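Reviewing the structure listed below.
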There are 2 protein chains.
Amino acid sequence: MRILVIEDETKVGCFIKRALEEESYAVDLCEDGAKGLQMALNTNYDLLIVDLMLPSLPGLEILKGVRQARIQTPILILTAQSQVDQRVKGLDAGADDYLTKPFAIDELLARIRALLRRGSTESPGVLQIDDLALNPATRDVTRGGQRIDLTSKEYALLEYLMRHTGRVLTRPMISEHVWNQDFDTFTNVIDVYVNYLRNKIDRGRSKKLIHTIRGSGYMLKVD
Amino acid sequence: MRILVIEDETKVGCFIKRALEEESYAVDLCEDGAKGLQMALNTNYDLLIVDLMLPSLPGLEILKGVRQARIQTPILILTAQSQVDQRVKGLDAGADDYLTKPFAIDELLARIRALLRRGSTESPGVLQIDDLALNPATRDVTRGGQRIDLTSKEYALLEYLMRHTGRVLTRPMISEHVWNQDFDTFTNVIDVYVNYLRNKIDRGRSKKLIHTIRGSGYMLKVD
DNA sequence: GTCTTCAATGACTAGAATACGCATAGTTGG
DNA sequence: CCAACTATGCGTATTCTAGTCATTGAAGAC
């Protein structure tokens, strides 16, 4: 899950970025409104977090810009306590949820999970395929009832695969959703991580869930 | 489907090339504008992707050159965030769509599918002939409801045949759209791949779909 | 008209070359 | 120390080459 944070206060921005990264999200941080709008338009983010109080471009304009471009990505807006009217305008302009500053980070994370859940066609709290289950809220992964420990990147990759079960995912697609903009194309990190996942999830099981589509990419499915 | 990418930034170019090849497109990459224009004029591409910021020859000149030669090939232009006016000029000069850098690869692929679909007379999401179906979005192929596994080249060949059902396709036509510029004319690779396809699609069926037109080439049709 | 012959064309196969992905070990940085 | 990433050698599926075999259709013989 890749998230764009548009927030001009460096300190707050970094704090959010860090918190999200600890939750295994791939995060891009942008401190400038106009640039942020461009990024939102150009990259296929899974969620946008927008501070409504921005210097260069009012946050509302970002919302409008994104929605005008027919982009459905869920948007969470951040406002100051006082800006009640702003908040209303924000929701009118297409925001999906809001949070007033200062906020508790747990609160933010919970809202994010809710929005990401709502985004998918169905709304299962837990992602499940065969006997493999992943709970985005707790980041618990189990197979056949047995807990599986994953590192942050492993988890992020698995979540992306599970959210797109049955579809071929090419490497560029994966790198775009599981890594952030610093990703280096000329490496085999993705292959390596798929291998890590295989060791933890498929190794020793008769039913393999992770499949290679030679020349194209990878796919998660029951055979 | 064969695509020419004119992009001077090696890294970006390679990234795009790889993404397209993983989607089974035949891709030529050119880092020089003038040379790229020549290639576009000499080869019957199905799509051109042109970066408007090129060192030797401005991207706009390429557009104009191509359109002056009455070539209808759909063109997708890439621009930097700031070049709004360039973008407008590009569309005026005959581009069919644009994308600003950096862009999401999913987005690029979706646009490409849309442009290639628009090119054909009808616009079906799924290509179908008799009980053979091919879905360009998922690259799934089925006959009589049964899934058929194809390699990348096999798929590319079949897609080309299906997009031109009922028409005789000569070997040069096939090589021009299914292979890239490294294709060696003096081989029988095409025959070999037609044979591979026959084994997977027609073998054991009463209705044959792939037909040989002796002295000319091949044709896909219901008898 | 039809039978035979023959050259041209395509079908098919085996195996070589290549590219791709896997595994594993090594490196870096917090 | 561990997670994230890099680098490399190896096995194998895919792609291609090259050769043999089958089919087609036209020309000539009868």
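Only Cα pairs under 8 Å and at least 6 apart count here; give the relative contact order of chain B as a rounded whole percent.
Computed over chain B, the figure is 17 percent.
Using the Karplus equation 6.51 cos²θ - 1.76 cosθ + 1.60 (θ = phi - 60°), what ³J(HN,Hα) coupling, rounded to whole Hz, does each residue of region B:209-218 give in order, writing x for Gly and Pro?
In residue order, the calculated couplings are 9, 8, 10, 9, 9, 4, x, 10, x, 10 Hz.
For an R0 of 22 angstrom, estimate the FRET efficiency from the Cβ-Cβ distance between B:Glu107 and B:Met53 and round to the nearest 0.05.
Efficiency, from the Cβ-Cβ distance: 0.70.
Take the Cα pairs of chain A, get the Kirkwood Rh, then feed it into Stokes-Einstein at 37 °C and 0.692 mPa s and tell me D in µm²/s. Walk me through the intermediate numbers first.
Working: Rh = 18.4 Å.
The estimated diffusion coefficient comes to 178 µm²/s.
Could you work out how much longer the chain between B:Ala137 and B:Asp85 gets when fully extended? Use 0.36 nm per residue separation minus the Cα distance between them, nm to one decimal.
Once the chain is fully extended between B:Ala137 and B:Asp85, it gains 15.5 nm.
Whole number please: convex hull volume per residue of the Cα set in region B:127-220, in Å³?
On the way: hull volume 9.2 nm³, N = 94.
Once divided by residue count, the hull of region B:127-220 is 98 Å³.
Among A:Gly36, A:Gly145, A:Gly166, which one shows the highest mean-square fluctuation when chain A is modelled as a Gaussian network with alpha-carbon springs under 10 Å?
Ranking A:Gly36, A:Gly145, A:Gly166 by mean-square fluctuation puts A:Gly145 first.
Send over the Kirkwood Rh of region B:66-189, from the inverse of the averaged 1/r over different Cα pairs, rounded to one decimal Å. Before the final figure, lay out the partial values.
Working: mean 1/r = 0.0589 Å⁻¹.
After inverting the mean inverse Cα-Cα distance, the result is 17.0 Å.
With each run of n ≥ 4 DSSP H residues scored as -39500 (n - 2.57), what mean residue ellipticity at 222 nm is computed for chain A after dividing by its residue count and rounding to the nearest 500 deg cm²/dmol?
That calculation yields -12500 deg cm²/dmol at 222 nm.
Just counting partner chain Cβ atoms within 10 Å, what average do the residues of peptide A:164-171 show around their Cβ?
That works out to 3 on average.
Give a quick list of trypsin sites (Lys or Arg not before Pro) in region B:1-102 that DSSP marks as loop, anything other than H, G, I, E or B, with at most 12 other Cβ atoms within 10 Å.
Hits after loop and neighbour filter: B:Arg70.
Roughly speaking, what is the stretch gain from A:Val192 to A:Thr165, that is 0.36 nm per residue apart minus the C-alpha to C-alpha distance, in nm to one decimal?
7.7 nm
Could you work out how far the C-alpha centroid of region A:39-70 sits from that of region A:102-173, in angstrom?
Spelled out, the Cα-based centre of one part sits 25 Å from the other.
At a 1.4 Å probe, what is the % contribution of carbon and sulfur to the accessible area of region B:127-220?
Carbon and sulfur atoms account for 47 percent of the accessible area of region B:127-220.
Against the empirical 2.2 N^0.38 Å scaling, what ratio does the C-alpha Rg of the protein assembly as shown come to?
Dividing the Cα radius of gyration by 2.2 N^0.38 Å gives 1.08.
Treating only the Cβ of Lys, Arg, Asp and Glu as charged (+1, +1, -1, -1), what charge dipole size does chain B show about its Cα centre? Round to the nearest 20 debye.
Dipole magnitude for chain B comes out near 860 debye.
Taking only Cα atoms and a 10 Å spring cutoff, compute GNM fluctuations for chain B and point out the largest among B:Ser206, B:Ser152, B:Ser24.
Per the Cα network of chain B with a 10 Å cutoff, B:Ser206 tops the list.
Enumerate the lysines that B:Lys17 could reach by cross-link, defined here as Cα to Cα under 22 Å, with residues fewer than 8 away along the same chain left out.
Within the straight-line cut-off, B:Lys17 pairs with B:Lys35, B:Lys101, B:Lys153.
Evaluate E = 1/(1 + (r/R0)^6) for A:Asp202 and B:Gln68, where r is the Cβ-Cβ distance and R0 equals 60 Å; express this FRET efficiency to the nearest 0.05.
E between A:Asp202 and B:Gln68, to the nearest 0.05, is 0.60.
Report Rg (one decimal) and Dmax (nearest whole number) for region A:2-119, counting Cα atoms only, units Å.
Reported Rg and Dmax, both Å: 12.6, 34.
On average, how much accessible surface per residue is there in chain A, in Å², for a 1.4 Å probe, leaving out ligands, DNA and RNA?
47
The values are calculated or read from the model by the stated rules, or taken from the named source; none is laboratory data. Remember, it's a predicted structure, so these values are computed and weren't measured experimentally. Ideal geometry is used to build each Cβ from the backbone, glycine not excepted, and the neighbour counts take in all protein chains shown. Surface areas here come from the heavy atoms of the whole protein model, side chains and all, with no ligands, DNA or RNA. Shrake-Rupley method; radii C 1.70, N 1.55, O 1.52, S 1.80 Å.
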